[in-house]
1. Using a probe of 1.4 angstrom, how much of the accessible area of segment 262-335 is carbon and sulfur, in percent?
2. May I ask you to order 273-281, 287-295, 203-211 by the average number of other C-beta atoms within 10 Å around their residues, highest value first?
3. Can you find, among G181, C109, P169, the residue sitting farthest towards the positive end of the charge dipole of segment 91-182, where Lys and Arg contribute +1 and Asp and Glu -1 at Cβ?
4. Given only helices, namely DSSP H runs of n ≥ 4 each adding -39500 (n - 2.57), what is the per-residue ellipticity at 222 nm of the chain, to the nearest 500 deg cm²/dmol?
5. Let me spell out the model: positive unit charges on the Cβ of Lys and Arg, negative unit charges on the Cβ of Asp and Glu, origin at the Cα centre of the chain. What dipole size does that give, in debye rounded to 20?
6. P(r) for the chain: what percent of alpha-carbon pairs falls in each 10 Å bin, starting at zero?
7. Sorted by average packing, counted as other Cβ atoms within 10 angstrom per residue and highest first, what order do 70-78, 165-173 take?
8. Quote the accessible area belonging to L123 in square angstrom, nearest 10, computed with a 1.4 Å probe and with ligands, DNA and RNA left uncounted.
Amino acid sequence: MSNTATVDEMRAADPSASSVFPASMRVVDSHTEGEPTRVVLDGWPQPRGDTMAERLEDVRTNFDHLRRAVVCEPRGYDAVVGALLTPPVNADSTTGVIFFNNGTYLGMCGHGAIGVMRTLQHLGRITPGTIRLDTPVGTVSAELGIDGSVTIENVPSFCHARNVTVDVPHIGKVTGDVAWGGNWFFITHDTPVQVKSGNAKELTRVTQAIQDAINAAGISGADGEPIDHIEISAPPTRADADCRNFVLCSGGEYDRSPCGTGTSAKLAVLYARGEIALGTRWRQESITGSLFTGWLTMNASGDLIPHVRGTAYVTSEATLLFDAADPFRGGTPSA
Ligand code: PYC
């Protein structure tokens, strides 16, 4: 099957297209403050749907094998977040984007949106200025600065529940806040393991245990939506930062960046607690020592709008190949 007729050929070969692969796929890789993004340029059939949420469901139902093939081993690795570009759904947007990782799909992705912006610049598709990106959870604005930094104006964030306590086996009681920042977060200061580099494996174990306990206790976001990101907040190590975090992502891997949606959720919690004013800069350090700067504004409807600034660098352009004879062309099964 050729790569050029992929969409029609793949749908024709298998209406659900669930086991069909293109011959190849062009991708651009970048990292945002240490966290990788892989933008898919072509070869992936365009999902159907009038909204980005419908398109995400089409991808989840019909093309999940491509998610695994693009970001999981042997072509990818657990930290990579994929970004499938689609035509926009709004007339004033430049592109649509569906983010995915080694385990599932994301509503929004802050580091990923910054990576998409730098990728579009690298491809000559945008120059410094502001564009709009349609995501499954809403449209976000993104400004590419002349210095290469990108500022995301995210979907509205809010604190859903404060002081939620969960009993975590072998750890004890952990108390945190539930907040939305484009994904659902449980944000806590309680940790038996210090938030410092070198402790990522232990922090992953602890946050996974918190995630499991939250699931077991039936704690959720608004409308019963699952909380699938766990964020530990701790004192910063950088003199120019306000806080250091460790974020366990929905695929079970940790964020190397300070997490754009996690920073957005954290800002909403700080605001709900009266610990930050509109416009005040919050410098969020990651477990790797990288930094996002975030702040809040309020729109005419009274929604809190998080702004997150960071920098991404393009690391490679590649053509992924899907050899029909390769038993692992859809990704290596987990061992
Ligand atoms: O930056 O929002 C983010 C993010 C979510 C998961 C990984 N990065």
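1. Looking at segment 262-335 in its full context, I get 53 percent from C and S.
2. Taking the mean over residues of other Cβ atoms within 10 Å, the ranking is 287-295, 203-211, 273-281.
3. Going by the Cα projections, it comes out as P169.
4. After summing the helix terms and dividing by residue count, I get -6500 deg cm²/dmol.
5. 560
6. Percent of Cα pairs in each bin: 6, 27, 35, 23, 9, 1.
7. 70-78, 165-173
8. About 60 Å², ignoring ligands and nucleic acids.
The values are calculated or read from the model by the stated rules, or taken from the named source; none is laboratory data. Please read all numbers here as calculations on a predicted model, not as lab measurements. With ideal geometry, Cβ positions are generated from the backbone for all residues, glycine too; neighbour counts draw on all protein chains shown. We work out accessible area using only protein heavy atoms, side chains counted, and drop any ligands, DNA or RNA first. Shrake-Rupley method; radii C 1.70, N 1.55, O 1.52, S 1.80 Å.
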